[in-house]
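Written out below as structure tokens is the structure these notes cover.
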Amino acid sequence: MPFSVVMPALEMAQETGKLIAWRKKEGDRVTKGEPLLEIETDKAVVEVEAPADGVLAGVKASEGAEIPVGQTIAWIVAPGEQPPTDGASSPAPTARVSSHKKSEVTKEVPKSAAGSAAGASSPASTARISPKARRLAKELGVDISTLKGSGTDGEILASDIQTAASAPAVAIDQQHPRLETPTTLGRIMAERTTQSWTTVPHFFVSRDIDATALNAYREHILAEIEHTHQVRVTHTDILAAVVARVLLKHPRLNASWTAGGIRLHDHVNMGIAIAVNDGVVAAVIPNAHAASLPEIAKLRIELAERARAGKLRPADIADATFTISNLGMYKVDQFSAIITPPQAAILAVGGILDKVVAVEGKPAVRPMMTLTVSCDHRVADGARAAMFLQDLAESVLNPKL
């Protein structure tokens, strides 16, 4: 029995998806779970897996097309079986579609351009390329049309792909040699941050906090958790747990602005900003307010690994109610972060740096950390933000998890 391949809905309120690339062509054998096509949504480019074993047939959509959610774009049939026609009387079963978010993709080209795959080869390209190199190019987002192969007769080898992937990802306009073309992820980030900055009334509240107790707490629990759970706990993990618990007392900062009003959440899905090539993604730790430190640390490590490998799943980036962005590892003193709508707030974490401060009226050196909360003024005001930072400061000064 044939299985239909449909344009999946990967986000709330998604109406269409753009078909970026087919990983298989008509008549190819496919195995359930292997990459079949790539789709661009408002947030990212997503890799969609084959829903069943069989042969790809009846392909109805070309690369670059905008396709309504739920529309059949191809069929997977048994060898020798014909795909249903548009007038088939009974619909074939639709298998559940699995997908993976790709955190790095190549530059966007016009819809009419064939072969606009994210790092896939162009049909117009005549360069010889080994099957392994072609597969690797798709996985690493390398445009083979820009490469000169090092193999016999100019054949592109896997080593050429790896070299290109490790080079700075800069797309050059020939007439404007200093013009860099953003990747799809970069373009999406630009659109999202511009929308947030121009439509959300931001305000910022900062607080310097003595991190002596935070450092001592981490050192105290580090050996025990590493030994018992085989996981290393970072300051980000501790802050995620502390902030999540404090947010339960400050619902306006753990809220969403909607057309119908302010939605208050009774749970904390903590977004953690993770730097990847050409951008930042916010992976989500669900129900962080109820999670233990080892659970948070393990999931944060898994999410970071998947993000940097370009294999985040849609569920990994969905439904955050609050976000933490930590640049402390880059020795940043402090910064302000842009809110991710519909969230009402985001916390920016600076580095823990030794500073001279007044302690009981005398100068002393203490490890200090600056926290800055960005708030949507439609949801929270300055007093609410200040009270949140006050409770957070007290929890950092006396961490108990």
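The values are calculated or read from the model by the stated rules, or taken from the named source; none is laboratory data. None of these values were measured; they are calculated from a predicted model. Glycine gets a Cβ as well: all are built from the backbone with ideal geometry, and neighbour counts include every protein chain shown.
Out of Ile272, Ile238, one residue alone is crowded, with 18+ Cβ neighbours inside 10 Å, under 30 Å from Gly141 (Cβ atoms) and either free of Cβ contacts under 8 Å to residues at least 24 places away in the same chain or of a type in the set (Val, Ile, Thr) (or both). It is Ile272. Beta carbons closer than 6 Å, at least 6 apart along the sequence or on distinct chains, pair a first residue in the stretch 360-382 that is of a type in the set (Lys, Arg) with a second that is buried (at least 18 other Cβ atoms within 10 Å of the Cβ) and modelled with pLDDT of 95 or more for Arg366/Asp210. Residues that are assigned to a helix (DSSP H, G or I) and either in contact with a Leu (Cβ under 9 Å, 6 or more places away or on another chain) or of a type in the set (Asp, Glu) (or both) do occur in the stretch 367-384.
Report yes if some residue within the stretch 297-308 is β-branched (Val, Ile, Thr) and either within 25 Å of Thr183 (Cβ to Cβ) or not in a strand (DSSP E or B) (or both); otherwise report no.
Yes: the stretch 297-308 contains one or more residues that are β-branched (Val, Ile, Thr) and either within 25 Å of Thr183 (Cβ to Cβ) or not in a strand (DSSP E or B) (or both).
Scanning the stretch 341-360 for residues that are touching a helix residue (DSSP H, G or I) at 6+ places or on another chain (Cβ under 7 Å) and closer than 24 Å to Thr258 by Cβ, we see that the one that is surrounded by the fewest Cβ atoms within 10 Å (Cβ to Cβ) is Pro341. Given the condition free of Cβ contacts under 8 Å to residues at least 40 places away in the same chain, closer than 17 Å to Thr321 by Cα, in a strand (DSSP E or B) and touching a Ser or Thr at 6+ places or on another chain (Cβ under 9 Å), answer yes or no: does some residue in the stretch 197-208 qualify? Within the stretch 197-208, not a single residue is free of Cβ contacts under 8 Å to residues at least 40 places away in the same chain, closer than 17 Å to Thr321 by Cα, in a strand (DSSP E or B) and touching a Ser or Thr at 6+ places or on another chain (Cβ under 9 Å).
Picking from Ala283, Ala315, which residue would you name as being without any contact (Cβ under 8 Å) to a residue 60 or more places away in the chain, assigned by TED's automatic domain parsing to the domain that holds Arg252 and in a strand (DSSP E or B)? Walk me through how you get there before you give the answer.
Numbers: Ala315 fails: in a strand (DSSP E or B).
On inspection, the qualifying residue turns out to be Ala283.
Touching a Gly at 6+ places or on another chain (Cβ under 8 Å) and assigned by TED's automatic domain parsing to the domain that holds Leu353: does that describe Val205? Step through it out loud before you land on a result.
Working: touching a Gly at 6+ places or on another chain (Cβ under 8 Å): yes; assigned by TED's automatic domain parsing to the domain that holds Leu353: yes.
When the stated conditions are applied, Val205 passes them.
Just to be sure, is Ile324 outside any helix (DSSP H, G or I) and buried (at least 18 other Cβ atoms within 10 Å of the Cβ)? Break it down into steps so the answer makes sense when it comes.
Values: outside any helix (DSSP H, G or I): yes; buried (at least 18 other Cβ atoms within 10 Å of the Cβ): yes.
When the stated conditions are applied, Ile324 passes them.
Residue count for the stretch 105-161 satisfying the condition of being in a loop (DSSP other than H, G, I, E, B) and at pLDDT 50 or above: 14. For beta carbons closer than 7 Å, sequence separation of 6+ or different chains, a first residue in the stretch 386-401 that is on the phi > 0 side of the Ramachandran plot and a second that is part of a loop (DSSP other than H, G, I, E, B) and modelled with pLDDT of 95 or more, there are no qualifying pairs. Is there a residue in the stretch 363-373 that is surrounded by fewer than 15 Cβ atoms within 10 Å (Cβ to Cβ) and either within 25 Å of the chain's Cα centre (by Cα) or acidic (Asp, Glu) (or both)? Looking for residues that are surrounded by fewer than 15 Cβ atoms within 10 Å (Cβ to Cβ) and either within 25 Å of the chain's Cα centre (by Cα) or acidic (Asp, Glu) (or both), one finds none in the stretch 363-373, hence no.
Do the conditions hold for Leu214, that is, is it assigned to a helix (DSSP H, G or I), modelled with pLDDT under 90 and of a type in the set (A, V, I, L, M, F, W, C)? It would help to see each step written out before you state the result.
Working: assigned to a helix (DSSP H, G or I): yes; modelled with pLDDT under 90: no; of a type in the set (A, V, I, L, M, F, W, C): yes.
No.
For the stretch 332-344, the count of residues that are in contact with a Lys or Arg (Cβ under 7 Å, 6 or more places away or on another chain) and either free of Cβ contacts under 8 Å to residues at least 12 places away in the same chain or among the β-branched types (Val, Ile, Thr) (or both) is zero.
Can you find even one residue in the stretch 240-254 that is aliphatic (A, V, I, L, M), touching an Asp or Glu at 6+ places or on another chain (Cβ under 9 Å), farther than 23 Å from Gln390 by Cα and outside any loop (DSSP other than H, G, I, E, B)? Taking every residue of the stretch 240-254 in turn, none turns out to be aliphatic (A, V, I, L, M), touching an Asp or Glu at 6+ places or on another chain (Cβ under 9 Å), farther than 23 Å from Gln390 by Cα and outside any loop (DSSP other than H, G, I, E, B).
Mind checking whether some residue in the stretch 379-401 is touching a Pro at 6+ places or on another chain (Cβ under 6 Å), farther than 23 Å from Leu264 by Cβ and assigned by TED's automatic domain parsing to the domain that holds Leu239? Looking through the stretch 379-401, none of the residues is touching a Pro at 6+ places or on another chain (Cβ under 6 Å), farther than 23 Å from Leu264 by Cβ and assigned by TED's automatic domain parsing to the domain that holds Leu239.
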